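The values are calculated or read from the model by the stated rules, or taken from the named source; none is laboratory data. Small disclaimer: the values here were computed from a predicted structure and weren't measured. Ideal geometry is used to build each Cβ from the backbone, glycine not excepted, and the neighbour counts take in all protein chains shown. Accessible surface areas use protein heavy atoms only, side chains included; no ligands, DNA or RNA. Shrake-Rupley method; radii C 1.70, N 1.55, O 1.52, S 1.80 Å.
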Amino acid sequence: MQNCEVLIVGGGPAGSSCAGRLVQAGLDVLVIDRKTFPRDKTCAGWVTPQVFDVLGIDAADYANSRVCQPITGFRTGMIGGDEIGTEYGRVVSYGIRRCEFDHFLLERSGASCRFGETVQDLRRDGSGWIVNDSIRAQALVGAGGHFCPVARALGAREGGQIVTVAAQEIEFELRPEDKSRVQLRGEVPELYFCEDLAGYGWCFRKGNFLNVGLGRLNSPGVTAHVQSFCQFLRDRGKVTCDLPERFHGHAYRIYEHIEPKLVDEAVLFIGDAAGLAYPQSGEGIRPAVESGLLAADVMIAAAGDYSGPKLAPYASEIHKRFGAPRRGAMSDWLPAAFLRFAAAKLMSTRWFAKSVVLDRWFLHAADPVLALKRPAPALSTR
């Protein structure tokens, strides 16, 4: 039986950010994950400077041995419609490869790890938990994404109004003969919305790697939309090289409609396990990192007492940072025909593309760097 103070189930950005913060405070932390790192992860793969700042990562140092594509603009529009180019004249985000970024954060955390381990059994042991009859922990953190086994076991996936995104994505290294057949600028990712506004596709060149994907809300027909989007890219001459036939699928919950379960007895849920992805863009790395850090600070303040009342402030911190989940969106009550007409008009205006689609929905430019109550010592970026 391995004993630890905090067991984190899931080694993605949420789990590793939480683990690093706890380890810095002197807690005994174990991270388990069903995958062996480094591993691939379905994601467009970009992070804002605010994420690097709150984690104390120097972008230049990180880029020394990893893909870190500066982003200074975007092209946006509707699939099949007009396109709008937006240039910022400065770096507003970075393109990363999740296989590198997630592995980097987990190694940097300093936490003990057990890879290739799934949660088969979970039960209470006095005031703590026993997992798989081999790990005893005083507290658990559910950080295993949308299909987090801790969240499923403790009822955090219940509720008929849960809104999920189904996405398909492929990221691959371009062959020398394909480079001239990809007419994309690495510093300018391209985003194109579906006609019904229920999703969007992206194409993004990160150095010698190309990432193409599409995600939709509560949609069983993602594959057909992905095929249509890829044809659009070919027709526009953006990506005329052969794409891999098999796209990788992923699903996750967004922070909308229904209050997520965040706290249980000696348990906190963070990142996609708590359904914290931004509702408009589906982006989840920043909410994952920030929720992991907020959870860690609440656990540090609990000083070994991980009862529900001691962990309850975490829910308040999440609401303070992300607001309360929206109970309904315009698409719930406006006619579909009106939405399509309005979307086509708005998406073709430079003001809407920059101020709403990019600054508000994707970059969250008005949200300052998360202010942590407990200063943390600097960590190495190597």
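In whole Å, what is the distance between the alpha-carbon centres of region 70-127 and region 174-218?
16 Å
Rounded to the nearest 0.05, what FRET efficiency is calculated for residue 65 and residue 350 with R0 set to 51 Å and r the Cβ-Cβ distance?
Working: r = 38 Å, r/R0 = 0.74.
Once rounded, the FRET efficiency stands at 0.85.
So what is the relative contact order of region 1-109, in percent, for Cα pairs below 8 Å that sit 6 or more residues apart? Before the final figure, lay out the partial values.
Numbers: 144 pairs, mean separation 36.4, N = 109.
Computed value for region 1-109: 33 percent relative contact order.
Sequence-distant or interchain residues sharing an amide H contact under 5 Å with residue 165, placed H: which?
218, 252, 253, 254
Can you compute the FRET efficiency between residue 365 and residue 1 using 1/(1 + (r/R0)^6), with r the Cβ-Cβ distance and R0 = 41 Å? Round to the nearest 0.05. Can you show the working numbers first?
Working: r = 48 Å, r/R0 = 1.17.
Efficiency for this residue pair is about 0.30.
As a test, work out the antiparallel percent of DSSP beta bridges whose residues both lie in the chain, rounded to the nearest 5.
Values: 48 of 72 bridges.
Roughly 65 percent of the DSSP beta bridges within the chain come out antiparallel.
Got the relative contact order for region 183-280 handy, in percent, Cα pairs under 8 Å and 6 or more residues apart? Provide the component values of the computation, followed by the final result.
On the way: 100 pairs, mean separation 16.1, N = 98.
That works out to 16 percent.
Within a Cβ distance under 12 Å of residue 3, other residues only, what is the Lys/Arg minus Asp/Glu net charge? Could you put the intermediate results ahead of the total?
Numbers: positive: 136; negative: 5, 28, 125.
Around residue 3, the surrounding residues sum to -2.
Largest first and in whole Å, what are the equivalent-ellipsoid semi-axes of the chain based on the Cα gyration tensor, each being the root of 5 times an eigenvalue? Write out the running numbers ahead of the final one.
Numbers: eigenvalues 250, 104, 75 Å².
After scaling each eigenvalue by five and taking roots: 35, 23, 19 Å.
Return the lysines within reach of residue 354: Cα separation strictly under 24 angstrom, same-chain partners fewer than 8 residues apart disregarded; answer none if there are no such residues.
The qualifying lysines are 206, 238, 345.
Apply the Karplus curve 6.51 cos²θ - 1.76 cosθ + 1.60, θ = phi - 60°, to the phi angles in region 284-296 and return the couplings in whole Hz, x for Gly and Pro.
x, 5, 5, x, 5, 4, 5, 5, x, 5, 5, 4, 4
How large is ³J(HN,Hα), in whole Hz, for each residue of region 29-35 in order, when computed from phi with the Karplus curve 6.51 cos²θ - 1.76 cosθ + 1.60 and θ = phi - 60°, using x for Gly and Pro?
10, 10, 10, 10, 8, 6, 9
Please list the non-local residues whose amide H lies under 5 Å from the amide H of residue 305, H modeled 1.01 Å from N, same-chain partners needing a gap of 5 or more.
Hits under the 5 Å cutoff: none.
Compute the distance in nm between two label points, each set 7 Å from the Cα along the Cα-to-Cβ direction, one at residue 35 and one at residue 175.
2.6 nm
Enumerate the amide H contacts of residue 200 below 5 Å, restricted to partners 5 or more residues apart or on another chain; note that Pro and chain-start residues carry no placed amide H.
For residue 200, whose amide H was placed from the backbone, the distant partners under 5 Å are 194, 215.
I want to make sure I understand the PRE zone here: with the label point 7 angstrom from the Cα of residue 240 toward its beta carbon, which residues in region 174-203 have backbone N atoms less than 17 Å away?
Output list for this probe position: 175-185.
What FRET efficiency, computed as 1/(1 + (r/R0)^6) with R0 = 45 Å and r the Cβ-Cβ distance, is obtained for residue 188 and residue 153, rounded to the nearest 0.05?
Working: r = 43 Å, r/R0 = 0.97.
The computed FRET efficiency comes out at 0.55.
In whole Hz and in residue order, list the ³J(HN,Hα) couplings for region 184-195 that follow from phi through the Karplus curve 6.51 cos²θ - 1.76 cosθ + 1.60, θ = phi - 60°; x for Gly and Pro.
So the J values, rounded to whole Hz, are 10, 8, x, 7, 10, x, 10, 10, 9, 8, 5, 4.
Once every DSSP H run of n ≥ 4 in the chain is given -39500 (n - 2.57) and the sum is divided by its residues, what mean residue ellipticity at 222 nm do you get, rounded to the nearest 500 deg cm²/dmol? Don't jump to the answer; show the numbers that get you there.
Details: 10 runs with 98 residues, N = 382.
So the calculated ellipticity at 222 nm is -7500 deg cm²/dmol.
Tell me the GluC sites (Glu not before Pro) within region 173-258 that lie in a loop according to DSSP and have at most 11 other beta-carbon atoms within 10 Å. Provide the component values of the computation, followed by the final result.
Numbers: sites: 173, 177, 187, 190, 195, 245, 256; in loops: 187, 195, 245.
In loop regions of region 173-258 (DSSP not H, G, I, E or B), the sparsely surrounded GluC sites (Glu not before Pro) are 245.
Take every DSSP beta bridge whose two residues both sit in region 171-324, then give the antiparallel share in percent to the nearest 5. All intermediate terms of the calculation are to be shown ahead of the outcome.
Numbers: 18 of 19 bridges.
Within region 171-324, antiparallel bridges account for around 95 percent of the total.
Where the accessible area of the chain is counted over protein heavy atoms with a 1.4 Å probe, how much of it, in %, is carbon and sulfur?
Numbers: 8120 of 16220 Å².
Looking at the chain in its full context, I get 50 percent from C and S.
Normalised by the residues of the chain, what does the relative contact order come to in percent, with Cα pairs under 8 Å and at least six apart? Spell out each step's value before the answer.
Numbers: 755 pairs, mean separation 86.7, N = 382.
It rounds to 23 percent for the chain.
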